[in-house]
Amino acid sequence: MRNSKRMEGLAQLCQGARRVIDVGCDHAQLCVLLVQHYGVEYAFASDIRPGPLENARRTIQAYGLSDCIEPRLCSGLSGFGPADADTIVIAGMGGDEIAAILKDAPWTKDGAHKLVLQPMTAAPRLRRWLVENGYAIAQEVVLTDAGRVYAAMNITNGIDKSGAGEFEYLFTSHLLRHELWPLYRDKLLQKYRVIAQGQRHANQFDTPEQRALRLLESFAAKENEVK
């Protein structure tokens with residue numbers, strides 16, 4: 001199986017996992033990768049839709065891993081409990097959707113579980129929700145794949161020390177230290193410049209998006225000075 005850079009990055013964030021739940025597993029590629037190369041003993045490949053789950057089942061059978069990867073049809077984490085896994089992966093969906101899944105499974109912040117999250121959209125809202133609901137962003141990295149740039153997080157329970165709140169939840173101190181931070185910063189700059197320009201044309205000023213842009217531009221200016 002040829003795994004994408006995004007998939008490899010997610011697998012690396014699962015280091016040390018023994019039992020994993022992959023929510024929204026699609027073709028179960030991550031589960032196969034974790035079992036074959038990252039020491040995972042048992043994995044659940046779950047999806048809310050029968051079609052993708054059937055794809056996952058075929059992948060699992062093709063690799064002869066039916067004894068250690070179990071496909072499960074359910075919405076979010078509704079079909080699981082605290083004893084099923086030590087690591088939970090929720091990747092490739094919107095930040096609001098990820099937050100909703102975690103809200104319905106409060107046992108995920110009991111301190112016994114590591115969460116690996118990779119939002120496709122609404123990452124600032126997800127960071128804010130996590131921090132305000134007893135989760136801590138223990139690690140955050142930049143992943144790139146096929147010209148796209150993503151942020152992926154390791155989440156535990158407790159008091160957050162990532163600095164997300166100080167940075168308007170746009171990023172964390174972890175991302176600032178990551179070697180690919182400039183790529184993620186430029187992605188955010190491009191997004192908020194477009195939004196701010198439209199707002200100014202509509203005579204909207206000092207909006208949250210414009211304040212976010214000023215923050216990002218200040219970091220970019222400081223980083224350019226260092227260079």
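The values are calculated or read from the model by the stated rules, or taken from the named source; none is laboratory data. Just so it is clear, the model here is predicted, and its values are computed rather than measured. Counting neighbours? That spans all protein chains shown, and the Cβs are built from the backbone with ideal geometry, glycine included. The area values use the complete protein model at the heavy-atom level, side chains included, leaving out ligands, DNA and RNA. Shrake-Rupley method; radii C 1.70, N 1.55, O 1.52, S 1.80 Å.
DSSP finds beta bridges in the range 65-151, and of those with both partners inside it, around 40 percent are antiparallel.
Helical runs assigned H by DSSP (4 residues or longer) give the chain a calculated mean residue ellipticity at 222 nm of -13000 deg cm²/dmol, each run adding -39500 (n - 2.57) before division by the residue total. Solvent exposure of the chain amounts to 49 Å² per residue of accessible area, where only protein heavy atoms count and the probe is 1.4 Å.
Between the Cα long axis of helix 181-201 and the first principal axis of the chain there is an angle of about 60°, rounded to the nearest 10. Using alpha carbons only, how many degrees (0 to 90, rounded to 10) separate the axis of helix 208-226 from the longest principal axis of the chain? Taking Cα atoms only, the helix is inclined about 80 degrees.
Heavy-atom surface analysis with a 1.4 Å probe gives the chain a carbon and sulfur content of 49 percent of its accessible area. Taking Kirkwood radius over Cα pairs in Å as the quantity of interest, determine which of (i) 18.5; (ii) 17.5; (iii) 21.8 was computed from the displayed structure. So the structure-derived entry is (i). Lysine pair count for the range 89-227 (Cα-Cα distance under 23 Å; residues 8 or more apart in sequence or on different chains): 8.
Binned at 5 Å from 0, what are the whole-percent values of the Cα-Cα distance distribution for the range 79-127, short to long? Spelled out bin by bin, the range 79-127 gives 5, 22, 32, 24, 13, 5, 0 percent.
Estimated from the Cβ-Cβ distance and a Förster radius of 35 angstrom, the FRET efficiency linking GLN61 and GLU8 is about 0.90. Taking every DSSP beta bridge with both residues inside the chain, roughly what % is antiparallel (nearest 5)? About 40 percent, rounded to the nearest 5.
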